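The values are calculated or read from the model by the stated rules, or taken from the named source; none is laboratory data. Computed from a predicted structure; not experimentally measured. Glycine gets a Cβ as well: all are built from the backbone with ideal geometry, and neighbour counts include every protein chain shown.
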Amino acid sequence: MIPSRFFLFIALLFTGQLASFAEAPVSQAVVAEKSPGSSSSQGTMPLWELAMPTGETLYIVGSIHLLKPDAYPLATAIEEAFDASPEVIFETDVEALQDPRMQMKLMERGLYSDGSTIEDHVSKETYEIYTEFLNEYGLPEAMFNKFKPWMAGITASVLAMQKAGYSPEHGLEQYFSKRAKEAGKPMSGLEEPMFQIDLLASFENEREEEFLVKTIQDLKAIPDYFEKMDQAWRTGNMKALADLLNEGFEGFPELAEKLLYARNRDWAEKLDARIKAGEPGIVIVGAGHLAGKENLIDLLQAKGYTLEQQ
């Protein structure tokens, strides 16, 4: 089985540089009367507290990088965790990703620069499927024909989610980076922005044409699938989230290793060093890193730390 939602996972697991690039202009987040934790019968939410040896607290929040406006206001406990934290730690430097120079680097990796187009690099059948997708979404062929298959696949997934009402504009990274700037809190990242861009670009030639075709063919199922992930996130149901992730990576352990496990191990080491240095804060990473095999929570617990889900 080919993971037809492969590009969707990439869009979900990274901090929105692809999502922002593909995004059509959207309005500012609308505050609604719904809380991510309010619908859970168990009262859980995607928030963990780690009691540091110094008596201070390191908070870890699982994020969905694209959300609907009705995700706000957030649960009070999440807002209070932010208020109590002297620093905000994201997967990477959120502000740097918004720098036009960084967006240009992404475009340099994701678009053909030798005068060729995607039509020159895929089969006739794949190109027909791709152009049908472009026509359905009203996208100009002149621009999108320059996309490499991996870039086109992620863009297709993001556009399908946006069509269903999800947007990086409403994601936790954008929300909390704005709040951090307003509050004068320092922000940092667990990874360099170029690491994420290089990791995205590394999928070039790795069955990318096959993944692109399956992604486009599966577009109609993406909103329903993502809705399930959204609901699992809102209620802090990490088992349901893990099951959805496992479904997508079934039979492709090398992809899970590259996108999730290796990064989780790296982050656990960096957070371990932070805890030992007595540096509290709030860590905001994709919820997919906090569920399933070799997740960040389990890795920190294996180091002897106690984490409690709120």
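Restricting the search to the stretch 32-75, which residues are modelled with pLDDT under 95 and β-branched (Val, Ile, Thr)?
Of everything in the stretch 32-75, those that are modelled with pLDDT under 95 and β-branched (Val, Ile, Thr) turn out to be THR44, THR54, ILE64.
For the stretch 277-301, what are the residues that are touching a residue at least 12 places away in the same chain (Cβ under 8 Å) and over 19 Å from the mean Cα position of the chain (by Cα)? Lay out the reasoning, then the answer.
We begin by selecting, within the stretch 277-301, every residue touching a residue at least 12 places away in the same chain (Cβ under 8 Å); these are 278-297, 299-300.
The answer is GLY278, GLU279, PRO280, GLY281, LEU299, LEU300.
Going through LYS214, LYS220, LYS181, LYS185 one at a time, which residue ends up being basic (Lys, Arg), over 22 Å from GLU257 (Cβ atoms), more than 19 Å from the chain's Cα centre (by Cα) and modelled with pLDDT under 90?
Selected residue: LYS220, the only one of LYS214, LYS220, LYS181, LYS185 that is basic (Lys, Arg), over 22 Å from GLU257 (Cβ atoms), more than 19 Å from the chain's Cα centre (by Cα) and modelled with pLDDT under 90.
Among the residues of the stretch 56-79, what is the count of those that are among the hydroxyl-bearing types (Ser, Thr, Tyr) and under 22 Å from ASP298 (Cα atoms)?
Taking the stretch 56-79 first, the residues among the hydroxyl-bearing types (Ser, Thr, Tyr) are 57, 59, 63, 72, 76.
This time we only want the ones that are under 22 Å from ASP298 (Cα atoms), so: 57, 59, 63.
The qualifying residues number 3.
Looking at the structure I just gave you, is TYR127 aromatic (Phe, Trp, Tyr), touching a strand residue (DSSP E or B) at 6+ places or on another chain (Cβ under 7 Å), within 23 Å of GLN217 (Cα to Cα) and surrounded by 15 or more Cβ atoms within 10 Å (Cβ to Cβ)?
On the way: aromatic (Phe, Trp, Tyr): yes; touching a strand residue (DSSP E or B) at 6+ places or on another chain (Cβ under 7 Å): no; within 23 Å of GLN217 (Cα to Cα): yes; surrounded by 15 or more Cβ atoms within 10 Å (Cβ to Cβ): yes.
For TYR127, the condition - aromatic (Phe, Trp, Tyr), touching a strand residue (DSSP E or B) at 6+ places or on another chain (Cβ under 7 Å), within 23 Å of GLN217 (Cα to Cα) and surrounded by 15 or more Cβ atoms within 10 Å (Cβ to Cβ) - is not met.
Can you name every residue in the stretch 277-306 that is part of a helix (DSSP H, G or I), out of contact with any helix residue (DSSP H, G or I) (no Cβ under 6 Å at 6 or more places or on another chain) and either polar (S, T, N, Q) or under 15 Å from THR57 (Cβ atoms) (or both)?
Let us first name the residues in the stretch 277-306 that are part of a helix (DSSP H, G or I), namely 287-290, 296-302.
Subsequent filtering for residues that are out of contact with any helix residue (DSSP H, G or I) (no Cβ under 6 Å at 6 or more places or on another chain) retains 298, 301-302.
Of everything in the stretch 277-306, just one residue is part of a helix (DSSP H, G or I), out of contact with any helix residue (DSSP H, G or I) (no Cβ under 6 Å at 6 or more places or on another chain) and either polar (S, T, N, Q) or under 15 Å from THR57 (Cβ atoms) (or both), namely GLN301.
Can you tell me which residue is farthest from ALA84 (Cα to Cα) among those in the stretch 142-158 that are surrounded by fewer than 20 Cβ atoms within 10 Å (Cβ to Cβ) and either modelled with pLDDT under 90 or in contact with a Pro (Cβ under 9 Å, 6 or more places away or on another chain) (or both)?
Per the criteria, the residue is ALA142.
Starting from residues that are out of contact with any Pro (no Cβ under 9 Å at 6 or more places or on another chain) and hydrophobic (A, V, I, L, M, F, W, C), keep the ones in the stretch 61-89 and report whichever is farthest from GLU173 (Cα to Cα).
The qualifying residue farthest from GLU173 (Cα to Cα) is ALA77.
Would you please list the contacts, defined by Cβ atoms under 9 Å and residues six or more apart or on different chains, that run from a residue in the stretch 138-165 that is over 14 Å from ILE118 (Cα atoms) to a residue that is basic (Lys, Arg) and not in a loop (DSSP other than H, G, I, E, B)?
ALA160/LYS220
Any residue in the stretch 97-113 that is within 17 Å of MET143 (Cβ to Cβ) and basic (Lys, Arg) sitting within a Cβ distance under 9 Å of a residue that is surrounded by 15 or more Cβ atoms within 10 Å (Cβ to Cβ) and modelled with pLDDT under 85? List the pairs, counting only those 6 or more apart or interchain.
ARG109/ILE197; ARG109/LEU200; ARG109/ALA201
Any chance you could count how many residues in the stretch 196-227 are part of a helix (DSSP H, G or I), in contact with a helix residue (DSSP H, G or I) (Cβ under 6 Å, 6 or more places away or on another chain) and not small (Gly, Ala, Ser)? Please lay out each step first, then the result.
Going residue by residue through the stretch 196-227, those that are part of a helix (DSSP H, G or I) are 196-201, 208-217, 219-227.
Those left that are additionally in contact with a helix residue (DSSP H, G or I) (Cβ under 6 Å, 6 or more places away or on another chain): 197, 201, 208-209, 211-213, 215-216, 219, 222, 226.
Then keep just the ones that are not small (Gly, Ala, Ser); that gives 197, 208-209, 211-213, 215-216, 219, 222, 226.
Total meeting the criteria: 11.
Mind checking which residues of the stretch 229-239 are of a type outside the set (Gly, Ala, Ser) and buried (at least 16 other Cβ atoms within 10 Å of the Cβ)?
MET229, ASP230, TRP233, ARG234, THR235, ASN237, MET238
How about the stretch 53-82: which of its residues are free of Cβ contacts under 8 Å to residues at least 24 places away in the same chain and over 25 Å from TYR166 (Cβ atoms)? Don't jump to the end; show me each part of the working.
Here is the first cut: in the stretch 53-82, the ones free of Cβ contacts under 8 Å to residues at least 24 places away in the same chain are 55, 79-80.
Once the filter is applied, which keeps residues that are free of Cβ contacts under 8 Å to residues at least 24 places away in the same chain and over 25 Å from TYR166 (Cβ atoms), the stretch 53-82 yields GLY55, GLU80.
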